[in-house]
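Okay, so here's the structure we're looking at.
The values are calculated or read from the model by the stated rules, or taken from the named source; none is laboratory data. Being a predicted model, the structure only gives us computed values, none of them experimental. Cβ placement follows ideal geometry from the backbone for every residue including glycine, while neighbour counts extend to all protein chains displayed. Surface accessibility is based on the protein's heavy atoms, side chains included, excluding ligands, DNA and RNA. Shrake-Rupley method; radii C 1.70, N 1.55, O 1.52, S 1.80 Å.
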Amino acid sequence: MDYETCEAECEKIRAENQLLLDAFQEDLKAKKLSQKTIDKHVSNIDFYINDFLLYEDAEPPEDGVILLNYFFSSWFIRKAMWASAASIKENITSLKKFYGFLEEKGRIEPDEYLDMLQEIKESKEEWLENLRKYDQETASSDFW
């Protein structure tokens, strides 16, 4: 796909993503979460679906359910200046809520959601270890 075609597809997806983020926000409000918590979840999901999923290709949110391993084991650690153990755990929580929302709305299959939850359970410690290694590598390469 050429650049112009890809950018046009990304813009279309961004517009659809905004509608999805608005619906997700309303769903979180209906579940009586605090506004601060809602804002954090929406911000985390916005970063995932509008930055990560559109970084290399035009991927809709539904396709992102299978990309968590790459996101947490590499991309998030390298691209998010705020990457920390706490932010990884926070993003995991946000993504569970978001993909649970998509599953409730019939946008992803129940098996996809269950597979995602299993991947998180099996890979979370590895993602955190990758962050620690990355932090050690970057700290040892800093020269003052």
Give me the pairs: first residue in segment 48-60 and under 12 Å from Phe76 (Cα atoms), second residue assigned to a loop (DSSP other than H, G, I, E, B), beta-carbon distance under 8 Å, and six or more apart or on different chains, which are they?
Phe52/Leu67; Leu53/Glu59; Leu53/Pro60; Leu53/Leu67
The residue that is farthest from Ser43 (Cα to Cα), considering only those in segment 76-124 that are part of a helix (DSSP H, G or I) and hydroxyl-bearing (Ser, Thr, Tyr), is Ser123
Within segment 102-115, count every residue that is in contact (Cβ under 8 Å) with a residue 24 or more places away in the chain, open to solvent by 40 Å² or more (accessible area, probe 1.4 Å) and either among the aliphatic types (A, V, I, L, M) or touching a Ser or Thr at 6+ places or on another chain (Cβ under 9 Å) (or both).
0
Please give the number of the condition Tyr99 fails out of (1) in contact (Cβ under 8 Å) with a residue 40 or more places away in the chain; (2) in contact with a helix residue (DSSP H, G or I) (Cβ under 7 Å, 6 or more places away or on another chain); (3) closer than 30 Å to Glu7 by Cα.
(1)
Among the residues of segment 1-24 satisfying the criterion of being more than 17 Å from the chain's Cα centre (by Cα) and of a type in the set (A, V, I, L, M, F, W, C), which is least open to solvent (accessible area, probe 1.4 Å)?
Cys6
Tally the residues that are buried (at least 19 other Cβ atoms within 10 Å of the Cβ) and acidic (Asp, Glu), restricting the search to segment 25-80.
0
Of everything in segment 116-131 that's without any contact (Cβ under 8 Å) to a residue 24 or more places away in the chain and over 15 Å from the mean Cα position of the chain (by Cα), which residue is most open to solvent (accessible area, probe 1.4 Å)?
Lys121
Of the residues that make up segment 2-12, is at least one under 18 Å from Glu104 (Cα atoms), in a helix (DSSP H, G or I) and of a type in the set (Phe, Trp, Tyr)?
no
